[in-house]
Amino acid sequence: QVQLVESGGGLVQAGGSLRLSCAASGRTFSRYTMGWFRQAPGKEREFVAAIARSGGITYYADSVKGRFTISRDNAKNTVYLEMNSLKPEDTGVYYCAATEKGLYGSRRPADFGSWGQGTQVTVSS
C-alpha cells in the first residue's frame, strides 16, 4: 500500500476553479496508476479521472471531460486535479486513489487498493 493525503478542497462559486493535490508516500509512486473519485451526499462514489504511470495517458468521466485535468509529478510523488468551470453538481468529497493495475483496468473504486482520506469540494450557485 501507499499512503495518500489530499489537499486543496474548499468552497468555490460556480464557474470558478480549484486545484486538488494528492501527496503519496513511499519510493514507488511511479509504479501506480492514479485516480480521482468523488462522492456526493447520498450517492455512490464515482470515477472522475485517472492517469497512467508515466503520466502520458489520461482518462476522464464524461461529466468532467474538458473541464478537469489530471496530472502527476513523479519526482514529487504528487498527483493533481485541476478543476475549471466548476458546477454545483461537482460538489462532493474528492478522493485520491492508487492501484497497481494499468490505466485501462482502473475505472471502478474496487480497482484501487489505496485511498486518501478525502477533501471536501463545495461549489455554490
> So which strands (runs of 3 or more DSSP E) are wholly in segment 48-125 and hold at least 2 residues that are of a type in the set (A, V, I, L, M)?
Replying inline: 78-83, 92-99, 119-124
> Among (1) surrounded by fewer than 16 Cβ atoms within 10 Å (Cβ to Cβ); (2) part of a loop (DSSP other than H, G, I, E, B); (3) touching a strand residue (DSSP E or B) at 6+ places or on another chain (Cβ under 8 Å); (4) modelled with pLDDT of 95 or more, which single condition is Leu11 missing?
Replying inline: (2)
> How about segment 19-57: which of its residues are more than 19 Å from Arg67 (Cβ to Cβ) and either in contact with a Phe, Trp or Tyr (Cβ under 8 Å, 6 or more places away or on another chain) or of a type in the set (Phe, Trp, Tyr) (or both)?
Replying inline: Ala24, Phe29, Tyr32, Arg45, Arg53
> Which one of Thr33, Thr78, Thr91, Thr119 is in contact (Cβ under 8 Å) with a residue 40 or more places away in the chain, in contact with an Asp or Glu (Cβ under 6 Å, 6 or more places away or on another chain) and hydroxyl-bearing (Ser, Thr, Tyr)?
Replying inline: Thr119
> If you take the residues of segment 98-111 that are more than 12 Å from the chain's Cα centre (by Cα) and either within 15 Å of Leu20 (Cα to Cα) or among the hydrophobic types (A, V, I, L, M, F, W, C) (or both), which of them is least open to solvent (accessible area, probe 1.4 Å)?
Replying inline: Leu103
> Can you tell me which residue in segment 58-75 is most open to solvent (accessible area, probe 1.4 Å), limited to those that are touching a helix residue (DSSP H, G or I) at 6+ places or on another chain (Cβ under 9 Å) and modelled with pLDDT of 95 or more?
Replying inline: Tyr59
> In segment 81-94, which residues are open to solvent by 30 Å² or more (accessible area, probe 1.4 Å) and touching a Lys or Arg at 6+ places or on another chain (Cβ under 6 Å)?
Replying inline: Glu82, Asn84, Ser85
> Do you know which residues across segment 39-51 are at negative phi and at pLDDT below 95?
Replying inline: Pro41
> Taking segment 15-38 as the search range and keeping residues that are on the phi < 0 side of the Ramachandran plot and in a loop (DSSP other than H, G, I, E, B), which one is surrounded by the fewest Cβ atoms within 10 Å (Cβ to Cβ)?
Replying inline: Arg27
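The values are calculated or read from the model by the stated rules, or taken from the named source; none is laboratory data. Just so it is clear, the model here is predicted, and its values are computed rather than measured. Cβ atoms come from the backbone with ideal geometry, glycine included; neighbour counts cover every protein chain shown. Areas reflect the complete protein model, heavy atoms only, side chains present, ligands, DNA and RNA absent. Shrake-Rupley method; radii C 1.70, N 1.55, O 1.52, S 1.80 Å.
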